[in-house]
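Below is one structure, written out as structure tokens, with a few remarks after it.
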Amino acid sequence: MRHRVVSPWTTALATVAALLLSAPAASAHTELESSSPRDGTLLTHPPATVRLTFSERVDLPDVHVTAGGERLEVSRPDQGDRRGNAVEVAVPKATGQDRLTLVWQVRDMEDGHPTSGTISFPLTAKAKAAPATDGAAAPMPSGSVRTAWAAARWAGYLALALYVGGLAFLALLWPQGAQDRRTRRVLTLAWAGGLAASLAAPGLQGAYGAMGTLGDAFHLATYRDLLGTEVGIVAACRMLMWVLAAIVLAALLQGGERAARSPGWRVGALAVALGLLRTTGMAGHDAEGTHPGWGAVADLVHLLGVCVWLGGLALLLLGVLPRRRPEELSAAVSGYSTLAGVSVAAIAVAGAVLAWQIVGSVGALFHTGYGHLLLLKLAFLAAVLLIAQGSRSWVRTRLDIAVLLRGDRATVRPFVYSVAAETGLVLVVLAATSLLVTSAPGR
């Protein structure tokens with residue numbers, strides 16, 4: 001339903017290819033860089049401490065190290081750790097084994113994803129002690145928690161798109177829609193869903209990062225532990241932005257078309273929308289990679305484009321088309337066609353920058369689970385664009401006929417089918433995005 005999709009999309013595809021081919025390797029999550037003693041070093045006896053140095057700054061509560069199933073004490077080293085990315089692990093004096101194996105797990109400070117691994121030291125002399133289990137497997141996050149977290153993220157993205165995109169559609173193309181009952185209901189449900197998702201997601205993320213169960217996501221301690229980290233602070237800010245979003249929505253519901261046309265309301269809505277977009281992006285992978293600043297800007301543009309696209313589709317489907325008013329069809333449909341074309345171009349270019357930041361190489365795109373999900377998302381996005389481009393001339397003709405026939409039901413019905421199909425495909429793209437957020441790049 002857009003007039004200028006092919007040219008921007010072709011340019012964006014070329015941009016994606018160029019960025020991926022020229023991208024340097026990127027480390028997307030906190031990884032273990034080194035240990036002292038080094039992994040595999042032959043020792044005569046267990047050391048008093050083992051120093052672990054990670055690729056990024058870590059918080060002590062986010063670092064878990066076990067030996068033989070027993071959790072070990074972790075502390076900051078006395079010196080040589082200016083970046084805060086090193087910890088010292090107190091090792092038991094006796095292991096009863098001929099090999100000391102430490103299982104480590106760390107939660108990323110940026111997005112809460114856990115990373116784990118093992119280091120092992122062969123011992124030339126066994127210490128006399130109670131037998132301990134050697135070679136313990138690295139802990140793995142719960143699959144059910146990850147699924148629930150992805151579902152909460154999908155609901156949050158959908159609510160964000162309907163709320164921000166819906167407000168943009170009303171402010172730019174259809175101010176009189178602020179009086180429409182169906183439109184008001186969509187915006188209210190979007191706000192309620194966004195607030196609920198922002199409340200549920202931190203608990204699920206905390207349980208996922210701590211290798212807990214689904215029940216742990218609803219414990220107060222999980223929220224308390226997470227709120228002490230940067231991830232928790234971002235989550236709290238996102239909740240606050242949804243509270244402020246209620247004020248913007250209440251002003252719109254009370255003022256109707258007058259509020260939608262008011263410069264004061266538009267400035268307030270823009271400020272809240274940018275806050276929602278930024279706090280949502282900070283919970284993902286946008287700050288990772290070689291140029292975090294560019295990643296943050298690209299993520300903001302990417303999210304804004306998706307919101308304008310999907311939110312506009314939703315209000316077209318549920319608000320404009322059911323009213324079948326010729327003057328609204330003429331203004332809203334044609335105006336949205338141009339707006340959506342700009343949004344799609346922004347999505348593609350910003351998505352290329354994000355792929356360059358996060359994936360880091362063509363090999364990671366084709367040989368990792370994260371890369372496969374990204375390719376799936378791009379495939380559905382391309383399908384949506386092809387359908388939209390193929391129906392461009394058809395929409396133009398149908399729109400003229402619908403206006404001439406004063407919104408006749410038979411002439412409007414094809415618009416409904418077209419917009420509904422495009423909306424469904426965009427929701428699939430949104431689902432792939434939710435899985436990407438809960439996946440570790442490069443794995």
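Data table
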quantity: Virtual spin-label span in nm between A271 and L240, 7 Å along Cα→Cβ; calculated: 1.3 nm
quantity: Using a Förster distance of 51 Å, the FRET efficiency for L172-S34 (Cβ separation, nearest 0.05); calculated: 0.45
quantity: Segment 32-122 - charge dipole about Cα centre, Lys and Arg +1 at Cβ, Asp and Glu -1, debye rounded to 20; calculated: 300 debye
quantity: Per-selection Kirkwood Rh - segment 32-122 (Cα, Å, 1 d.p.); calculated: 13.4 Å
quantity: Over segment 150-302, relative contact order from alpha-carbon pairs under 8 Å, at least 6 apart, %; calculated: 23 percent
quantity: Difference of contour (0.36 nm per residue) and Cα-Cα distance, V297 to F218; calculated: 25.1 nm
quantity: Separation of the L123 and A379 label points, Cα + 7 Å toward Cβ, nm; calculated: 5.1 nm
quantity: Estimated D of segment 144-262 in µm² per second, where Rh is the Kirkwood radius over Cα pairs and Stokes-Einstein applies at 25 °C, 0.890 mPa s; calculated: 160 µm²/s
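Bear in mind that the values in this text are calculations on the coordinates, not laboratory data. If you're wondering where the values come from, they're calculated on a predicted model, not measured in any experiment. Cβ atoms come from the backbone with ideal geometry, glycine included; neighbour counts cover every protein chain shown.
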